[in-house]
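The structure is given below, and queries will be raised subsequently.
The values are calculated or read from the model by the stated rules, or taken from the named source; none is laboratory data. Note that the structure is predicted; figures quoted are calculated from it, not measured. Here Cβ is always computed from backbone atoms with ideal geometry, including for glycine, and neighbour counts include all displayed protein chains.
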Amino acid sequence: MDNYPLSQRARSLSASPTFAMLQKTTELKAQGIDIISLSVGEPDFNTPQNIKDAAKRAVDQNYSKYSPVPGYMELRKAVCKKLLRENNLQYEPQQIIVTNGGKQAVCQTIMALVDKGEEVLIPTPYWVSYPEMVKLAEGTPVFIETTIDQDFKITPQQLEQAITKQTKAIILCSPSNPTGSVYSHDELQALAEVLMRHPQVFILSDEIYEHINYVGRHESLSQFEALRDRVIILNGVSKGYAMTGWRIGWLAAPAWLAKAVNTIQGQLTSGPCSVAQKAAEWAYTDDDQSSVEQMRQAFERRRDLVCRLVADIPGLRANRPEGAFYIFPECKSYFGKTTADGRKIENADQLAMYLLEVAHVATVAGTGFGAPDYIRMSYANSEENITEGFRRIKQALDELH
Ligand code: PMP
Ligand code: GLU
């Protein structure tokens, strides 16, 4: 790398470790190795049939031209209706920008808000891309550390202490990737009270796992009226509707900010894929939302299963995830141990590599999530694969001494 005339920006960016593991898994599978993937976070379900049918109709109706940069008006209205129906929030279409996946919604919001040197608070463990996106904007990520013993949730005191004059924003993800933690209404209220005292701080509320929640109603900082003019909701159809490959996300923001994001998007990518937008519109507006609930129930059963399987491995210690489809056990008790062929496991990256090579199970080390003592397992996989995956993991971990 060092020999090429790359920008500082390109040099300083780390590759996404979740996609790196996906790539490695794909390569090993292509070699005929039977890998069980508990790595990348995407529903194993196919996109529901009613949504696929809508996409086919859109193709036949010639939705093949550029869409408006912020997305089709019908989809932006559908998002507003969804926000009213499910979240009791009133938004106007000009506040909604449809993006190429939730990832672009997060990144463009940061690009539109953050200037060089401004601080963005990121609770750890975090989703791998947040700090990298802040760095792309030349902002400064400031981490608020949490541990398993606080269920990976920041306290109001931690938040208060982390805010400085340079703080521009906080990124809060609930339900969380990678921990599965979900902030309750009271916990959010306590954080909201701190944020009300600091009107310069914007709140990026990543709600992409909204529909995958095992504790009931989805709660968000956007419900506190006093914060509404500085909350940006980041969401999309990838997870809840099993549509990761369609690349449709969106943000709901104050109109002035949505306008700036629109300008960025107009120079960067233009409006997202026309057919995928029609599919997403159908996803939100079809009366039949039963597939979302069916998938949620399947994830909940798998959550219960995975908790039992992890509890059966003495060297792992996990919280009970309340949403999303990840479990994030502490695995440091294995550091310093030796493999059957004499290699020492020093850290979570080496442990994940050992599990891949010996157990043929793909996981993701906590390092990329800012939590090097942990390892992430996605349970967006069949109960059969999860059971077999953990049987292999247990066996491989038992062999360490
Ligand atoms: N936020 C979080 C927390 C995620 O886990 C993901 C998954 N990649 C995204 C945003 C982006 O989702 P998308 O696949 O729609 O870009
Ligand atoms: N969000 C998923 C994950 O964390 C998909 C990969 C990515 O976008 O990083 O595994």
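From the list 334, 326, 284, which one is more than 21 Å from residue 22 (Cα to Cα), modelled with pLDDT of 95 or more, aromatic (Phe, Trp, Tyr) and within 16 Å of ligand 1 (Cβ to nearest atom)?
284
Out of curiosity, is residue 266 without any contact (Cβ under 8 Å) to a residue 12 or more places away in the chain, among the small types (Gly, Ala, Ser), out of contact with any strand residue (DSSP E or B) (no Cβ under 9 Å at 6 or more places or on another chain) and away from ligand 2 (no atom under 16 Å from the Cβ)?
In short, no.
Quick one: is residue 225 touching a Phe, Trp or Tyr at 6+ places or on another chain (Cβ under 7 Å) and surrounded by fewer than 24 Cβ atoms within 10 Å (Cβ to Cβ)?
No, not satisfied.
From the set of residues in region 225-253 that are of a type in the set (Lys, Arg) and away from ligand 1 (no atom under 16 Å from the Cβ), which is nearest to residue 300 (Cα to Cα)?
For region 225-253, the residue satisfying everything is 228.
Kindly evaluate residue 290 against the criterion of being surrounded by fewer than 17 Cβ atoms within 10 Å (Cβ to Cβ), polar (S, T, N, Q) and free of Cβ contacts under 8 Å to residues at least 40 places away in the same chain.
On the way: surrounded by fewer than 17 Cβ atoms within 10 Å (Cβ to Cβ): yes; polar (S, T, N, Q): yes; free of Cβ contacts under 8 Å to residues at least 40 places away in the same chain: yes.
So residue 290 fits the description; yes.
Please specify each residue of region 1-24 satisfying the condition of being within 16 Å of ligand 1 (Cβ to nearest atom) and out of contact with any Gly (no Cβ under 7 Å at 6 or more places or on another chain).
Taking region 1-24 and keeping what is within 16 Å of ligand 1 (Cβ to nearest atom), we get 14-23.
14, 15, 16, 19, 20, 21, 22, 23 - these are the residues of region 1-24 that are within 16 Å of ligand 1 (Cβ to nearest atom) and out of contact with any Gly (no Cβ under 7 Å at 6 or more places or on another chain).
Same structure, new question: Filter region 155-178 down to residues that are among the β-branched types (Val, Ile, Thr) and within 16 Å of ligand 1 (Cβ to nearest atom) and give me whichever is farthest from residue 233 (Cα to Cα).
170
Filtering region 165-191 down to residues that are surrounded by 19 or more Cβ atoms within 10 Å (Cβ to Cβ) and of a type in the set (A, V, I, L, M, F, W, C), which residue is nearest to the chain's Cα centre (by Cα)?
173
If you take the residues in region 51-90 that are within 30 Å of residue 217 (Cα to Cα) and polar (S, T, N, Q), which one is farthest from ligand 2 (Cβ to nearest atom)?
90
Go through region 7-25 and give me each residue that's among the small types (Gly, Ala, Ser) and within 10 Å of ligand 2 (Cβ to nearest atom).
16, 20, listed by residue number.
Look at region 26-48 and say how many of its residues are away from ligand 2 (no atom under 12 Å from the Cβ) and in contact (Cβ under 8 Å) with a residue 12 or more places away in the chain.
Within region 26-48, residues that are away from ligand 2 (no atom under 12 Å from the Cβ) and in contact (Cβ under 8 Å) with a residue 12 or more places away in the chain number 10.
Considering only region 267-287, state which residues are among the aliphatic types (A, V, I, L, M) and either on the phi > 0 side of the Ramachandran plot or surrounded by fewer than 17 Cβ atoms within 10 Å (Cβ to Cβ) (or both).
268, the sole residue that qualifies.
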